[in-house]
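Read through the structure below, which is laid out as structure tokens, and then see the notes.
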Amino acid sequence: MSSNILTSLLSDYEQKKRKAELDFENKKSELYKKFPRLQEIENELNSIAITETKNILFGNTSSLKTLHLKLDQLKKERDKIIGENNISQEFLQPSYECNICKDTGYIKSGTSATTMCSCLKQKLLDISYNKSNISNLKKENFNTFNENIFSDKISGNFQISPRQNILNIKKKCIEFINNFDNSETHNLLFTGNTGLGKTFMSNCIANELINKGKNVFYQTAPVLLETVIDNKFNKYKNSNNDDFYKNILETDLLIIDDLGTECLNSMKLSELFTILNTRLLNLNNKVTKTIISTNLGIDNIFNTYEERIGSRIAGFYDIYYFFGDDLRFKRN
């Protein structure tokens, strides 16, 4: 991963953090003008905290009980003022873009060590690998899902309408999201012709999981396998793709789009099997899931790929068929 990209992102984080905290101070000043007693309470709480720290340092513990009682009284008085006046949370704490790391990009792990926050990991993945593949999340998510663009005419092959089918798929996808951390939850295979909503549904899932703090790696099968092979043969001598393979294997959710459009050879078959199989093993006590989108049915997958790949998909993926009319001309 390029250090320049990380440096630039951390600079953006620092600016966001500063803005959130400056906005908070301005709102807090407005609040204290309206409710002066809240500022008095904050000053008293700060004073007691300093006194308590000094007493602990110097071994004067006899007054700690009295200080704790005073703290409780002040907090109750503060909460009463807040509750009686319906004071919004935006006046009580900074509005960070990420409440996990408070717009620092890092979170404390244990006593002193820090780890990269999932929000920063995702930004690095998006810039370095996902690029345009994951750029549609703002307009392709469950909030913009429109069941009315799907036909309600029953298909003879499936004995169900495309609309009811997509609603069933949506329900199962929500279950997949809600049970993502369960190692028993199956992966997903979306199959059907182009323009039936497979990529849209993948984006819906990606959006929800990113909001839950999961990392998503989204790539088409041709680019994914070509890049893996290129990296193994060091074709990217001057780039920072060393952790490309690591991200593929360890990211929370890997979305492989357009499986079946790649030019296959024995090396790509071997790498595809390794990727799918390794992610099924949930290494390092971490649950990893995969979504595959393809125009191929399960029979064609067995015919196109090695049996060991087909058997992994048939045994560990829930398969959902998309059918109906091409939706690309129906969406706004």
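Values as computed for the structure displayed
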| item | result |
| --- | --- |
| Residues within segment 82-91 that are touching a residue at least 24 places away in the same chain (Cβ under 8 Å), open to solvent by 30 Å² or more (accessible area, probe 1.4 Å) and assigned to a loop (DSSP other than H, G, I, E, B), tallied | 1 |
| Residue match in segment 312-330 (condition: at pLDDT below 90, farther than 18 Å from LYS246 by Cα, open to solvent by less than 20 Å² (accessible area, probe 1.4 Å) and not basic (Lys, Arg)) | yes |
| Residues that are in contact with a helix residue (DSSP H, G or I) (Cβ under 7 Å, 6 or more places away or on another chain), assigned to a loop (DSSP other than H, G, I, E, B) and β-branched (Val, Ile, Thr), drawn from segment 174-194 | THR185 |
| Odd one out for LEU74, checked against (1) surrounded by 14 or more Cβ atoms within 10 Å (Cβ to Cβ); (2) part of a loop (DSSP other than H, G, I, E, B) | (2) |
| Residue match in segment 306-319 (condition: of a type outside the set (D, E, K, R), in contact with a Lys or Arg (Cβ under 9 Å, 6 or more places away or on another chain), touching a residue at least 40 places away in the same chain (Cβ under 8 Å) and within 19 Å of THR185 (Cα to Cα)) | no |
| Residue among THR66, THR104, THR51 that is among the hydroxyl-bearing types (Ser, Thr, Tyr) and closer than 28 Å to GLU208 by Cα | THR104 |
| Pairs with Cβ under 7 Å, 6+ apart, first in segment 104-116 and surrounded by 13 or more Cβ atoms within 10 Å (Cβ to Cβ) and at pLDDT below 80, second part of a loop (DSSP other than H, G, I, E, B) and of a type in the set (Ser, Thr, Tyr) | none |
| Boolean, THR278 is surrounded by fewer than 17 Cβ atoms within 10 Å (Cβ to Cβ), of a type in the set (Ser, Thr, Tyr), part of a loop (DSSP other than H, G, I, E, B) and in contact (Cβ under 8 Å) with a residue 12 or more places away in the chain | no |
| In segment 48-66, the residues that are hydrophobic (A, V, I, L, M, F, W, C) and part of a loop (DSSP other than H, G, I, E, B) | PHE58 |
| Flag for GLY297 being open to solvent by less than 60 Å² (accessible area, probe 1.4 Å), farther than 25 Å from ASN215 by Cα and touching a Phe, Trp or Tyr at 6+ places or on another chain (Cβ under 6 Å) | no |
| Criterion violated by SER63 - all others in (1) in contact with a Ser or Thr (Cβ under 9 Å, 6 or more places away or on another chain); (2) of a type in the set (Gly, Ala, Ser); (3) open to solvent by 80 Å² or more (accessible area, probe 1.4 Å) satisfied | (3) |
| Test: ASP257 is modelled with pLDDT of 90 or more, under 29 Å from LYS170 (Cα atoms) and touching a helix residue (DSSP H, G or I) at 6+ places or on another chain (Cβ under 8 Å) | yes |
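The values are calculated or read from the model by the stated rules, or taken from the named source; none is laboratory data. Computed from a predicted structure; not experimentally measured. Note that we place each Cβ from the backbone using ideal geometry, even for glycine, and neighbour counts take in every protein chain shown. With ligands, DNA and RNA removed, areas are computed over all heavy atoms of the protein, side chains included. Shrake-Rupley method; radii C 1.70, N 1.55, O 1.52, S 1.80 Å.
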